[in-house]
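K.L.:
This is the structure, below, for whatever I ask next.
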Amino acid sequence: MASTPEPETPRQRLFFALWPPEAVVQRLHELQRKALDGIDGRRTAADRLHLTLRFIGSVDTHTADCLTSAAAAIRIPLFTLEIDHLGVFPRARVVWAGVSHPPPELLDLAGTLERICRDCDLPPES
């Protein structure tokens, strides 16, 4: 007798990120355009530009709910972030903007997000 396969659990591809103010987005979008001018690179739409804090990957609904509810409770003070350099992921043909000296508030936030991931049974980011 043939067994019926288990229904596939829905999964979501997630990451934690900060979304910069509109003026910063427009400047980053312009820098991206200039950096990729004449190069066959992948351009990111302005409304998708963000600062990834923790890539999570593909997770089931239970884990997504755990992450979402814990992250919703985070309260952080306003802080200034200086984006001061550009880099490239050559294989993906993606230009990225980076921060050389992250402020303490950003480091605290990253640590909080890592603890949330651990509490939701995700392995540490490598």
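K.L.:
Which percent of Cα-Cα pairs in the stretch 32-76 sits in each 5 Å bin, short to long?
P.N.:
Histogramming the stretch 32-76 at 5 Å steps yields 5, 14, 15, 17, 15, 11, 9, 9, 3 percent.
K.L.:
Moving to a separate point now. Which residues in the stretch 90-123 place their backbone N less than 20 Å from a point set 7 Å from the Cα of Ala73 along the Cα-to-Cβ direction?
P.N.:
Under 20 Å, as judged by backbone N against the label point of Ala73, lie 108-123 of the stretch 90-123.
K.L.:
Rounded, prolate or oblate: pick one for the chain, where a ≥ b ≥ c are the square roots of the eigenvalues of its C-alpha gyration tensor, a/c under 1.5 means rounded, and failing that, prolate if a/b is larger than b/c, else oblate.
P.N.:
Numbers: a/c = 2.54, a/b = 1.40, b/c = 1.82.
Judged from the Cα gyration tensor, the chain comes out oblate (a/c at least 1.5, b/c at or above a/b).
K.L.:
Using the Karplus curve 6.51 cos²θ - 1.76 cosθ + 1.60 with θ = phi - 60°, work out ³J(HN,Hα) for each residue of the stretch 78-89 in order, rounded to whole Hz, and write x for Gly and Pro.
P.N.:
Computed from phi, the couplings for the stretch 78-89 are 4, 8, 9, 10, 9, 7, 10, 7, 10, x, 9, 9 Hz.
K.L.:
Can you give the net charge of the other residues whose Cβ lies under 14 Å from the Cβ of Pro21, counting K and R as +1 and D and E as -1?
P.N.:
On the way: positive: Arg27; negative: Glu22, Asp47, Glu82.
Result for the neighbourhood of Pro21: -2.
K.L.:
Can you pull out the cysteines in the chain that have no other Cys Cβ under 4.7 Å?
P.N.:
Lacking a cysteine Cβ partner under 4.7 Å: Cys117.
K.L.:
What dipole magnitude, in Debye to the nearest 20, does the chain give about its Cα centre under +1 on Lys/Arg Cβ and -1 on Asp/Glu Cβ? It would help to have the intermediate numbers written out before the result.
P.N.:
Working: 14 positive and 17 negative charges, 87 e Å.
Value, rounded to 20: 420 debye.
Here, each number is a calculation from the coordinates, and none is a lab measurement. This structure is a prediction, so every number in the text was calculated from the model and none was measured. Cβ coordinates were reconstructed from backbone atoms using ideal geometry, including for glycine residues, and neighbour counts include every protein chain displayed.
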